[in-house]
Amino acid sequence: MRRRPIIVIIFIAAILGIIYLVNWRGTSDAGEDQGKTLDKDGSVETSISVEHADSTHDIILTSHKVWIGNKQYAVIVHRDTVPGLDSLTTTAGNDNGNSTQVRVKKDYQLFITVK
């Protein structure tokens, strides 16, 4: 009778382990493109990037490609100038394995809400 609770505990632990591994494997692509193909029959393809304009300004570039009937109907581009962020110190390395401390501009984080 004592072995029965141990077997149940081992079984539950195994199930939880499998669930953890399946979920971990499923989220390993976080940050990567999820779509493999684009339905160009009627869709909007959007890209957002931030470019460093100069030492005090950045440019937010938003581009929309409008697809209708498998043809590109329009490309809409917006450029917005925003204040540049401060710099930060980080370690940079070269192909020879040498590293040094350098100052680089911080990048904006992009958060997108889709409704």
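What the table below lists for this structure:
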read-out	value
Residue count for the stretch 65-76, restricted to those that are surrounded by fewer than 10 Cβ atoms within 10 Å (Cβ to Cβ) and touching a strand residue (DSSP E or B) at 6+ places or on another chain (Cβ under 7 Å)	0
Number of the condition not met by Ile48 [criteria: (1) at pLDDT below 90; (2) surrounded by 10 or more Cβ atoms within 10 Å (Cβ to Cβ); (3) within 21 Å of the chain's Cα centre (by Cα); (4) of a type outside the set (D, E, K, R)]	(1)
Lone qualifier among Asp54, Asp58 - being modelled with pLDDT of 85 or more, loosely packed, with under 10 Cβ neighbours inside 10 Å and of a type in the set (Asp, Glu)	Asp54
Residue pairs meeting the criteria (Cβ under 8 Å; at least 6 apart or on separate chains; first without any contact (Cβ under 8 Å) to a residue 24 or more places away in the chain, in the stretch 44-69; second in a loop (DSSP other than H, G, I, E, B) and not hydroxyl-bearing (Ser, Thr, Tyr))	Glu45/Leu38; Ile59/Ala53
Failed condition for Tyr108, given (1) within 23 Å of the chain's Cα centre (by Cα); (2) farther than 30 Å from Gly42 by Cα; (3) surrounded by fewer than 10 Cβ atoms within 10 Å (Cβ to Cβ)	(3)
Residue that is nearest to Lys105 (Cα to Cα), among those in the stretch 36-82 that are of a type in the set (Lys, Arg) and part of a strand (DSSP E or B)	Arg79
Ser28 being modelled with pLDDT of 80 or more, loosely packed, with under 11 Cβ neighbours inside 10 Å and assigned to a loop (DSSP other than H, G, I, E, B)	no
Leading residue by the ranking (farthest from the chain's Cα centre (by Cα)) among those in the stretch 83-104 that are charged (D, E, K, R) and assigned to a loop (DSSP other than H, G, I, E, B)	Asp95
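The values are calculated or read from the model by the stated rules, or taken from the named source; none is laboratory data. Computed from a predicted structure; not experimentally measured. Virtual Cβ from ideal backbone geometry, glycine too; neighbours counted across all protein chains shown.
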